[in-house]
Structures are given as C-alpha cells and as structure tokens.
Ligand code: HEC
C-alpha cells in the first residue's frame, strides 16, 4: 500500500469515529428521562446542602430561617423522592428501592421535627440528616456513581460502607 492510501484511510477512520462519538453524546443529552432524573437529583442535592449548612449548631442558635430550611428541605426531598419512586422505580434492584425509600423517610422525619419543634427536634433533624446522607452515599456506591466533590469532601478513598 502506498503512503497516501494509508493516510487517506486513517483520515476516513478518524472522521467516522468522530461522527459516532458525537452521536453518542447527543443521544445521552437528548434522553429526556435521564435528563429529568438528573434534574431531580440536582434539586435533592440543593436541598440537602441547604440543610447541611445548618448542622452542628446549638438549638438556641436556630432562627426562623434555619427551621424554615429544614421544613422545606425535608418536604422537597420527600416530594422529589416520591417522583423518583413513581417514575424511575427499579423493581429488580431491591437495594436501590430500599435506599430510595429510606431517603424519603428521613426527609419526612426532618420535615416533621421542623414543623413541631419539640424539645430535641434539632437533635432528631441532625440524626435524620446524617442517615439520609448515608442513603445518598450507599446508593451512589451501589451504582458505582462517584459524586465526591461537594457531597463528601475528602472522602474519595473511603471504601463502601458495610451493609446494615
Ligand atoms: C436510591 C438511589 C439514590 C439515592 C438514595 C440518592 N441518589 Fe443521587 N443519584 C442516583 C442516580 C442513579 C444518579 C445518576 C443519575 C444519572 O446521571 O443518570 C444520581 C446522581 C446524583 C447527582 C448528580 C446529578 C447530575 O447532575 O448528574 C447528585 C448531585 C446526587 N445524585 C445527589 C444525591 C444526594 C444529595 C442524595 C441524598 C440526599 C442522593 N443523591 C441520593 C441515585 C441515588
């Protein structure tokens, strides 16, 4: 084969693979279900982080803003998780289903405590928030999704938690 032929063939292969790659990327972006799932997770994440900002206070340091964040955060995560359970259930993956339901339960517990503000409500909120974080982490580990940047700062090396 002449040098020119090799160059032409290489060029054609290069063009072809570029087209294939571009199509794959487009497919991923275009899949509306995947996109919706991501949007929901992003909202869950925002609510989770808003509450995270008010962890580790003394109860008497909490004002209207903090309690309000716990209430709406819990309600929102519960609502969003229910959408996931309805629209994106994975009946053949028990672990996924269980962790999703756990997340919803802890979100509900947070909202309830924030609404009633009984003595010890804040301690309960911190507990539920910690358990919820565990559910996030366990599900992502289970599915081999790595989201460490903001959610679990500095924990990238941590092995998956043992089953309960
Ligand atoms: C039962 C499973 C499960 C639980 C629980 C869970 N996630 Fe996820 N999460 C997923 C899946 C699946 C994806 C991947 C979505 C995709 O990329 O298609 C994801 C993706 C994400 C993303 C990336 C979204 C993006 O832009 O790609 C963030 C952030 C996230 N989750 C935050 C959280 C937080 C915060 C919690 C807990 C409060 C949580 N997740 C709980 C399954 C879960």
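Throughout, read-outs are computed from the coordinates displayed, never taken from laboratory work. Not measured: the values here are computed from a predicted model. Heads up, the Cβs are rebuilt from the backbone with ideal geometry, glycines too, and the neighbour counts pull from every protein chain shown.
Mind running the shape call on segment 32-164? Use the C-alpha gyration tensor, a ≥ b ≥ c as the square roots of the eigenvalues: rounded below 1.5 for a/c, prolate if a/b tops b/c, oblate otherwise.
Here segment 32-164 falls in the prolate category.
Would you mind computing, in nm to one decimal, how far apart the modelled labels at residue 101 and residue 87 are, each placed 7 Å from Cα along Cα→Cβ?
Calculated label separation equals 2.2 nm.
For a footprinting-style exposure proxy, rank 11, 88 by other Cβ within 10 Å, fewest first.
Arranged by neighbour count, lowest to highest, 11, 88 become 11, 88.
What FRET efficiency comes out for the pair residue 143/residue 79, r = Cβ-Cβ distance, R0 = 22 Å, nearest 0.05?
Calculated value: 0.50.
Using 7 Å Cα-to-Cβ label points, what is the residue 9/residue 33 separation (nm, one decimal)?
Rounded to a tenth, the inter-label distance reads 4.1 nm.
Quote the FRET efficiency, to the nearest 0.05, computed for residue 94 versus residue 50 with a Förster distance R0 of 25 Å and r equal to the Cβ-Cβ distance.
The pair residue 94/residue 50 has a calculated efficiency of 0.25.
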